[in-house]
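Take a look at the structure below.
The values are calculated or read from the model by the stated rules, or taken from the named source; none is laboratory data. Everything numeric in this text was worked out from a predicted model, so none of it was measured. With ideal geometry, Cβ positions are generated from the backbone for all residues, glycine too; neighbour counts draw on all protein chains shown. These area figures cover heavy atoms from the full protein model, side chains too; ligands, DNA and RNA do not enter into them. Shrake-Rupley method; radii C 1.70, N 1.55, O 1.52, S 1.80 Å.
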Amino acid sequence: MKTIRHLIDPEDFTKKELDALIALAKKMYLNPEKYNSICTGKILATLFYEPSTRTRLSFESAMLRLGGQVLGFSDASTSSVSKGENIADTIRVISNYADIAVIRHPKAGAPKLASKYAHIPIINGGDGAHQHPTQTLTDLLTIHMYKASFENQTVAFCGDLKFGRTVHSLIRTLARYNLHKFILISPKELSLPDSLKEKLIQNKVLLKEVSTLEEVIDEIDILYMTRIQKERFLNEADYNRLKGSYILNSQQIKNAKKDMIIMHPLPRVDEIAYELDKDPRAVYFEQAKLGVYVRMALITKLLNVG
Amino acid sequence: MKTIRHLIDPEDFTKKELDALIALAKKMYLNPEKYNSICTGKILATLFYEPSTRTRLSFESAMLRLGGQVLGFSDASTSSVSKGENIADTIRVISNYADIAVIRHPKAGAPKLASKYAHIPIINGGDGAHQHPTQTLTDLLTIHMYKASFENQTVAFCGDLKFGRTVHSLIRTLARYNLHKFILISPKELSLPDSLKEKLIQNKVLLKEVSTLEEVIDEIDILYMTRIQKERFLNEADYNRLKGSYILNSQQIKNAKKDMIIMHPLPRVDEIAYELDKDPRAVYFEQAKLGVYVRMALITKLLNVG
Amino acid sequence: MKTIRHLIDPEDFTKKELDALIALAKKMYLNPEKYNSICTGKILATLFYEPSTRTRLSFESAMLRLGGQVLGFSDASTSSVSKGENIADTIRVISNYADIAVIRHPKAGAPKLASKYAHIPIINGGDGAHQHPTQTLTDLLTIHMYKASFENQTVAFCGDLKFGRTVHSLIRTLARYNLHKFILISPKELSLPDSLKEKLIQNKVLLKEVSTLEEVIDEIDILYMTRIQKERFLNEADYNRLKGSYILNSQQIKNAKKDMIIMHPLPRVDEIAYELDKDPRAVYFEQAKLGVYVRMALITKLLNVG
């Protein structure tokens, strides 16, 4: 029997596989009609144990645009699947209803556990504070679309670098490429965990840590903004003190490079001023669009079709 | 770039466009097979910030019967889209997932706001007490199917004419046609707002206001019943006093014309007795059916296909 | 006009019809590609007035695998359909949106009532403690797949035989076939209702009642396990005393026949030890898979296609 491939962690794929996936996503973006029925007769199950409308709809759109079909649930509280049943049993049942599944779960490790019992490929659609690999793939594709090569790029991460799952996952993945420099911009309280910094240092990447955007804005090629989420703070006073510190606006990018790109995983709350939406450097809505194509490529690859 | 058309208010369409839409809906009703794949490859997003199962399923059925596909959410409370994100950002993201969207929202004006940021056509699926244009289109098509011409018709509205969004929207639209007479039947407390009455008078439509069905039943060609919703009343005593006043039954239509039609936007609670369901004049379930065809025509027109 | 067939109670079908349905399901299982577009253009409505994710997804998978489409709701509390409207009106409206509907409802009799007003075939997807006919069909198909003939089989039911809807429904249906013997294994407090026992006795089926698995395990061809649901008990002390009594594990099936099959409607909580999952006699996950094929056959038959 053929081995079933899953995507639980971005590191499940070799660099070569990642590159092939990104290349396929690009082709799909440029010529979507060519792929609009390669998943005919296939079913994607969207198993969302916590709501994440954007991620769910991005996957559903991807599968429908490939000619496939979708079933699932969008919130375990209105579902009966969690009533005393473990995820191992659930996924063995769902394996009979669908050909591939994406699992979003509040508990870290749940998609991985499910993948051990599944008879179909499992995609991790976000597991708590742990991983969100298709966001990472989306980010990779976005960089590829705007920057011809990863080499010589200076990428800056700004905001909550301590708790941001998206940032951790992307940093770990980008560390596998030959970037020029990483710049970490965060309040001290929300700086990148040491284990990740060490990983970067081991990989001989240039690393700079600062606490304001101002001092580094003219060096940046790729600026990755993140939200400082209220729920990550231990007390409200800390939240209120810090929340305004990392808001991007026209004034702040005055000295930025003309071809810098501003990325954001969305939803934003107020960390990027609306006035920037029309700036050609703001690519976050395009990034959301690219997320559909990277998911199309991923589904295609895991189903081994086309 | 081609202008994207939306349907937020029935008045977004010229009378000529309305007539063309109704004519297309009729054709689709008579020959649905001809249209069953003109939306192949297209995706409708159903964005329901408040539940409205009937409206949502009518749209989904319409899109599926055109060969298209559907994704979305049925209740914002089980969705994550409202978490601090404004609808402008949401719709810019969703514009990448779907080719057309219907938005139901508790706040008046939300679909209009969304349409300003969308890259895809937006249909207003009901925004609070404000508008529900596809119900109006459904009503128009129903009248067209049963009455060869709008001219010389006497149309009566019965029930809550003060708060009824459906009634206001239909009255405004019918005022654009040459009807013979409008009859308004309601308790004084729930009579049609003056601004709408004035609009009718300006258009030189005959207007009659009464407080009982009895005194006008023999004049009516089209009787539009509406529910007196409990939630519209300021106190329960008022509700209890009035709720029984406008209930239609066999006795009450004894003197009605043989070809009068009884319409209702559904759901009914008790404002039409079940005994009338088999009366050939009761067309409210057929009206619900016609709602699918008018939505098929609308989607087709806004997507500019077929 | 042709009569519309529904499936509300397994006894709605003659034995001959049941046999034909099972035969079709088998064919679909062996050669699914042959049937993957016989429902093109058809829509299934899944009307779940209470959540039952497994049942709902099984139906959705069945319809999609036939080339059809699906719309509906998964929980009446996030739906607006129950707001004061009776199911008779709801189903008359839904009849315009779909070609066939499955109804899950907490109240016994609701699907039957709906079927009286529907213009489309209605399938009972479980109505309270009353019936769950597609589970019964799934169980029948499972027995057919593993046992060449029903004759001479000894079937045992273990667990909550007093309240178990699944068990009652299957026993009534199996009583129509020439089985060799029924064995009922349950605590006295949860034994099969007398009316059902009498039905078995009238049909001249051998009947044996015991309170432990141990004393009969070597006689059994088909062992049907059920969960003892906490919510069925009047007090917690009873629940705690009995819940552990009917747990199946390797030790308990030591003396079982080599070709005995272990069935379970799922979800299980702890009534079957995980160590049995790899035992070839454990067929409960395969049973869930067969549920899709039997529903494919049912939809096909009720729609009168293919």
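Things worth noting here:
- Alpha-carbon geometry of the stretch A:187-306: the Rg and the Dmax are 17.2, 54 Å, given in that order.
- From the C-alpha gyration tensor of the stretch A:52-121, square roots of 5λ in Å: 20, 15, 11
- Computed with a 1.4 Å probe over protein heavy atoms only, the accessible area of A:L206 comes to about 90 Å².
- Overall form of the stretch C:2-149 per C-alpha gyration tensor (a/c, 1.5; a/b vs b/c): prolate
- Restricting the calculation to alpha carbons of the stretch C:101-220 gives Rg and Dmax of 15.8, 52 angstrom.
- Peptide C:35-43 is shielded by partner chain Cβ atoms: per residue, an average of 2 of them sit within 10 Å of its Cβ.
- DSSP-defined antiparallel bridges as percent of all bridges, the stretch C:134-288, nearest 5: 0
- Helix B:284-303 vs. chain B, principal-axis angle (Cα, 0 to 90°, nearest 10): 30
- Three-way shape label, the stretch A:88-132, alpha-carbon gyration tensor, a/c 1.5: prolate
- Rounded to the nearest 10 degrees, the angle from helix C:53-65 to the longest Cα principal axis of chain C is 60 degrees.
- Between C and B, roughly 2000 Å² of accessible area is buried in total, ligands, DNA and RNA not counted and the probe set to 1.4 Å.
- Debye intensity ratio in log₁₀ form over the Cα atoms of the stretch C:75-169, taken at each q of 0.11, 0.14, 0.24 Å⁻¹: -0.44, -0.65, -1.23
- Calculated on the alpha-carbon coordinates, the convex hull of the protein assembly as shown measures out at 200 cubic angstrom per residue.
- In Hz, Karplus ³J(HN,Hα) per residue of the stretch C:200-215 (6.51, -1.76, 1.60; θ = phi - 60°; x = Gly, Pro): 5, 5, 4, 7, 6, 8, 5, 9, 9, 10, 9, 10, 9, 4, 2, 6
- Axis angle, to the nearest 10 degrees, between helix A:165-174 and the longest C-alpha principal axis of chain A: 80 degrees.
- Heavy-atom accessible area per residue - chain C, 1.4 Å, Å²: 40
- Percent of alpha-carbon pairs separated by more than 25 Å within chain B: 49
- Distance from the Cα centroid of the stretch B:181-257 to that of the stretch A:179-223 is 69 Å (rounded to whole angstrom).
- Net charge of neighbours whose Cβ lies under 14 Å from the Cβ of C:Q131, counting Lys and Arg as +1 and Asp and Glu as -1: 0
- For the stretch B:125-180, the average shadow cast by the Cα convex hull is 3.9 nm², which is a quarter of the hull's surface.
- Label separation (C:A108 vs C:D19): 3.1 nm, computed from points 7 Å beyond Cα along the C-beta direction.
- Choice from A:I143, A:I183, A:I253 with maximal GNM fluctuation in chain A (Cα, 10 Å cutoff): A:I253
- Simple spin-label estimate for A:D279 and B:K34 in nanometres, 7 Å along Cα-Cβ: 5.4
- The stretch B:185-306, accessible surface, carbon-and-sulfur percent (1.4 angstrom probe): 47
- Cα-projected label distance for C:Q202 with C:E189, points at 7 Å along beta-carbon direction, nm: 3.1
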